[in-house]
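The values are calculated or read from the model by the stated rules, or taken from the named source; none is laboratory data. Keep in mind that this is a model prediction, so the values were computed, not measured. Glycine gets a Cβ as well: all are built from the backbone with ideal geometry, and neighbour counts include every protein chain shown.
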Amino acid sequence: MPANWTTYRELLLPAPNGRRAVESELRRAVRDRRLAPGTRLPSSRDLAAQLGVARGTVTSAYAQLIGEGYLTARRGSGTTVTAACTWPGPAATPEPAPGFRYDLKPGVPALSAFPRDEWMQAQKSALADLSTDDLGYPDPAGFGPLRRELADYLGRVRAVAARPSEVVVTNGAAEGISLLGRVLHAGGHRSVAVEEPSHFGAAEMLASHGLTVRPIPVDSDGLRVDLLSTTDCRAVVVTAAHQFPLGVVLHPSRRRALLEWARACDGVVVEDDYDAEHRYDRPALGAMQALDPTRVVYQGSASKVLAPALRLGWLVLPPSMRDVVVDRKRLDDLGTGTLHQAAFARLLGTGGYDRHLRRTRQLYRSRRDALLAELRAVLPEWEPIGVAAGLHVVVRLPAGTDDVALQERLARRGVNAPALARYARTPTFPGLVLGYAALTPDRLREAVRELFAAV
Ligand SMILES: Cc1ncc(COP(=O)(O)O)c(C=O)c1O
């Protein structure tokens, strides 16, 4: 068994279920050296049991790869990875990021779990079904079938009240926030409230469109909604389901108060639902948007479920904002590329997205559990918070710790662990924000030992 993988099921994510899938996952694992030359593979019976497939599926995949020269079978010594493999190194696995031995930056899913085969199939069949006209300039609001799939998915999984006509497809959530920034500014807004701490990227984008950003503190019930009326803002960006980065949920009474505030000032609430699907120990709370679709702009993204490289995001807009946002998008770029959208629509429609979520939920839960167990054992005085959901935890450090200095010390040891202070203008307590999705349990345990060594 290669050192960094706990099971072959994890090594060969997405869990392959047909001969071709098993074969191509194994081939890829050999090519990018997750399976090093000389590694002895499990017996076909064992691997079939680990992957939950028929034994014959594994025997034929082994036979195919032996034929191609990737594997060698020797009587008495089983099947091994061909010793003379000379494929170039792990270019296909971009994690951890260059320069860091352990990259714990938050906000990145397990890129090695990207469902390559399912995505390729979705792309292929979607392209085959596109009409000639579909290859012309796209609808700037988004590809019709994708808007229908998203409306259905968001209603089913996030309780969002969305008609396809209210969905606008964007190049990631980032383009969504940028479009909103400009539309709000053009509509007379001069300031916008954001959570403190929060994702600086969004605030930076809003500021770049001429809006003054007003940070509003977050406590254990989420955004301090009562403070909004002390500002000149009539717009706010909120991560209600899982506050970024603290991980708290916006309390139901605060949700109601937020909507009352928006109605009273003719305001807009932007609900950034960036990682809502990743839930482990508590049921997912529905999105706030359905409580008042005329006031709330819902924003989502495929970045935390599939990969940021897709640049696929979406907005569900109040009727009063829909046309002006679509027009802004048309003037910007004439619309998001149809081919990616069509493939994504296919993945959603065939249940591939749900399957991927189910698989990765288990993976992330085991990674989170490994991280928390090691932290408990090695650094018991560090208090993890916001652990029930998402792809990261925040650890509260003992009072007086300089988290930025600690981050720098860790970086010198090859560990990327951002300080909580990096997400706040006025830090409230020292902490580290630890993303766990991209590292295996073994690597997370090693990373925690590095954290221990650094303090
Ligand atoms: C809270 C939050 N919202 C939105 C985004 C942007 O996502 P996208 O990749 O879809 O632009 C991020 C990315 O890190 C994020 O952390």
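Below are the figures for this structure:
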quantity: Number of positions in segment 287-313 that are within 16 Å of the ligand (Cβ to nearest atom) and in a loop (DSSP other than H, G, I, E, B); calculated: 9
quantity: P252 being surrounded by fewer than 19 Cβ atoms within 10 Å (Cβ to Cβ) and closer than 16 Å to Y298 by Cβ; calculated: no
quantity: Single residue of V194, V183 found to be crowded, with 16+ Cβ neighbours inside 10 Å and part of a helix (DSSP H, G or I); calculated: V183
quantity: Qualifying residues in segment 333-343 (those that are within 21 Å of the chain's Cα centre (by Cα) and part of a helix (DSSP H, G or I)) - the one nearest to R295 (Cα to Cα); calculated: Q341
quantity: Selected residue (only one of V183, V218, V167 is within 25 Å of the chain's Cα centre (by Cα), more than 12 Å from the ligand (Cβ to nearest atom) and within 22 Å of L150 (Cβ to Cβ)); calculated: V167
quantity: Residue that is farthest from the chain's Cα centre (by Cα), among those in segment 186-215 that are closer than 25 Å to R254 by Cα and charged (D, E, K, R); calculated: R190
quantity: Subset of segment 186-215 [among the small types (G, A, S) and within 16 Å of the ligand (Cβ to nearest atom)]; calculated: A193, S198, G201, A202, A203, A207, S208
quantity: Residue count, segment 236-286 (criterion: within 16 Å of the ligand (Cβ to nearest atom) and either in a loop (DSSP other than H, G, I, E, B) or under 17 Å from P197 (Cα atoms) (or both)); calculated: 24
quantity: Within segment 361-455, strands (runs of 3 or more DSSP E) holding 1 or more residues that are charged (D, E, K, R) and farther than 18 Å from D275 by Cβ; calculated: 383-385, 392-396
quantity: Only listed residue being under 25 Å from S112 (Cα atoms), of a type in the set (G, A, S) and under 21 Å from the mean Cα position of the chain (by Cα), chosen from A419, A389, A411, A373; calculated: A389
quantity: Near pairs, Cβ below 7 angstrom, 6+ apart or cross-chain, from segment 130-154 (on the phi > 0 side of the Ramachandran plot) to any residue that is outside any helix (DSSP H, G or I); calculated: G142/V167; G142/V168; G142/V169; G142/T336
quantity: Residues located in segment 29-56, provided they are touching a residue at least 40 places away in the same chain (Cβ under 8 Å) and among the β-branched types (V, I, T); calculated: V30, T39
quantity: Set R330, R346: member being away from the ligand (no atom under 15 Å from the Cβ), assigned by TED's automatic domain parsing to the domain that holds L206, surrounded by fewer than 22 Cβ atoms within 10 Å (Cβ to Cβ) and not in a loop (DSSP other than H, G, I, E, B); calculated: R330
quantity: Check on A161, among the hydrophobic types (A, V, I, L, M, F, W, C), in the same structural domain as R255 (by TED's automatic domain parsing) and more than 16 Å from the ligand (Cβ to nearest atom); calculated: yes
quantity: Residue list for segment 155-180, restricted to those being part of a helix (DSSP H, G or I), aliphatic (A, V, I, L, M) and crowded, with 20+ Cβ neighbours inside 10 Å; calculated: A173, I177, L179, L180
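For every residue, the table says whether it meets (1) within 16 Å of the ligand (Cβ to nearest atom); (2) among the aliphatic types (A, V, I, L, M); (3) touching a Gly at 6+ places or on another chain (Cβ under 9 Å).
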site	(1), (2), (3)
Y102	no, no, yes
P109	yes, no, no
S112	no, no, no
D129	no, no, no
D133	no, no, no
